[in-house]
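The structure appears right after this line, and notes come after that.
The values are calculated or read from the model by the stated rules, or taken from the named source; none is laboratory data. This structure is a prediction, so every number in the text was calculated from the model and none was measured. Glycine also receives a Cβ, built like all others from the backbone with ideal geometry; neighbour counts cover every protein chain displayed.
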Amino acid sequence: MVLENGWEVPLDVNDRVSKRIMSLIPITSRLIRWKEEVYFETELELELKELTGHVKRGDFAYWPPGKALCLFYGISQPYTPLIIIGEAIGTLSFLRDVEEGSIVKVDIYRDYENVKEVCNYLRKLGYKVASRSDDEGFISVSLNMCYEEIRLGLDIFVEEYGIYVESDELASYNRTLPEKETLHKIRDIIGKHAKKVRLDLNERSMLCLSACCSNLKELPELLNKFKECIKALNSYI
């Protein structure tokens, strides 16, 4: 899914539906915002079965009334029941800034050449990964780290001086005294389970998890630490 502002959202769609979508590609529409969801109308028609009124962050779904494809990036739930057809891969917080009515395009996914080695390396280890570009043209390798019902997107940036990993946004940070007390508790929990993972601020000054390592061989261990951290912080995330 390619947004008008340049952001790309890799989507993993179940085989049955992906074939139907492929027959309509490229799909071009305009985004509609609702709570913590973006959706857009299409010509796609699916059988009305396995409808649900419950979604998780990152769920990609089909909404029958509008023949719409929907992506949920927060905790809000659908207006009426829909069909979950897949999931987005990677962080999604940037969707909060998408403009109503902006153009969206659905097309065939391909790895970016400069991170293809990293993608293939992680796939061999069993990770479901995809590469994507942001609104400034920076390329990252994206994946989802899951623990029980929690799904947290991660973006991996491969630089000449090392590898940097950053999670999706966890919460806003207003620097109040109660927040600072909670942050100390969270830092203590992280320190006990995953010392290489940090509680951090992203470039939007939102709370996230981050970590870094020197080379590709160290990355799998680092990703395992993220999973341990998510498990330990499940009541906060």
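Tell me, which strands (runs of 3 or more DSSP E) wholly within region 46-126 include 2 or more residues that are without any contact (Cβ under 8 Å) to a residue 60 or more places away in the chain, touching a strand residue (DSSP E or B) at 6+ places or on another chain (Cβ under 7 Å) and outside the structural domain of ASP155 (by TED's automatic domain parsing)? Working first, answer last.
Numbers: elements: 59-63, 68-72, 83-88, 103-106.
Where strands (runs of 3 or more DSSP E) fall fully within region 46-126 and carry at least 2 residues being without any contact (Cβ under 8 Å) to a residue 60 or more places away in the chain, touching a strand residue (DSSP E or B) at 6+ places or on another chain (Cβ under 7 Å) and outside the structural domain of ASP155 (by TED's automatic domain parsing), they are 59-63, 68-72, 83-88.
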Restricting the first residue to region 1-26 and requiring it to be part of a helix (DSSP H, G or I), which pairs with a second residue that is β-branched (Val, Ile, Thr) meet a Cβ separation below 8 Å and a spacing of at least six or different chains? VAL17/ILE85; ILE21/VAL13; ILE21/ILE27; ILE21/VAL106; MET22/ILE108
All but one of (1) surrounded by fewer than 19 Cβ atoms within 10 Å (Cβ to Cβ); (2) in a strand (DSSP E or B) hold for ARG132; which doesn't? (1)
Taking region 182-217 and keeping only residues that are in contact (Cβ under 8 Å) with a residue 40 or more places away in the chain, outside any helix (DSSP H, G or I) and of a type in the set (A, V, I, L, M, F, W, C), one is left with MET206, CYS208, LEU209, ALA211, CYS212, CYS213
Verdict on TYR164 being surrounded by fewer than 16 Cβ atoms within 10 Å (Cβ to Cβ), touching a strand residue (DSSP E or B) at 6+ places or on another chain (Cβ under 9 Å), of a type in the set (Ser, Thr, Tyr) and assigned to a strand (DSSP E or B): yes
Determine which member of the set VAL13, VAL38, VAL17, VAL9 is within 25 Å of SER133 (Cβ to Cβ), modelled with pLDDT under 95 and surrounded by 13 or more Cβ atoms within 10 Å (Cβ to Cβ). VAL17
The residue that is surrounded by the fewest Cβ atoms within 10 Å (Cβ to Cβ), considering only those in region 46-68 that are acidic (Asp, Glu) and more than 22 Å from LEU95 (Cβ to Cβ), is GLU47
Going by what's in this entry, would GLU169 be described as over 19 Å from the mean Cα position of the chain (by Cα) and either aliphatic (A, V, I, L, M) or closer than 25 Å to LEU11 by Cα (or both)? no
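Out of SER172, SER205, SER210, which single residue is of a type in the set (Ser, Thr, Tyr), outside the structural domain of VAL55 (by TED's automatic domain parsing) and under 29 Å from LYS116 (Cα atoms)?
Working: SER172 fails: under 29 Å from LYS116 (Cα atoms); SER205 fails: under 29 Å from LYS116 (Cα atoms).
On inspection, the qualifying residue turns out to be SER210.
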Going by what's in this entry, would GLU179 be described as assigned to a helix (DSSP H, G or I), outside the structural domain of PRO10 (by TED's automatic domain parsing) and either free of Cβ contacts under 8 Å to residues at least 12 places away in the same chain or of a type in the set (Ser, Thr, Tyr) (or both)? yes
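Where residues in region 74-113 are among the polar types (S, T, N, Q), touching an Asp or Glu at 6+ places or on another chain (Cβ under 7 Å) and more than 26 Å from VAL158 (Cα to Cα), which of them is modelled with the highest pLDDT? Walk me through how you get there before you give the answer.
Of the residues in region 74-113, the ones among the polar types (S, T, N, Q) are 76-77, 80, 91, 93, 102.
Applying the additional criterion that residues be touching an Asp or Glu at 6+ places or on another chain (Cβ under 7 Å) yields 76, 91, 93, 102.
Subsequent filtering for residues that are more than 26 Å from VAL158 (Cα to Cα) retains 76, 102.
Working: SER76: 95, SER102: 98.
It comes out as SER102.
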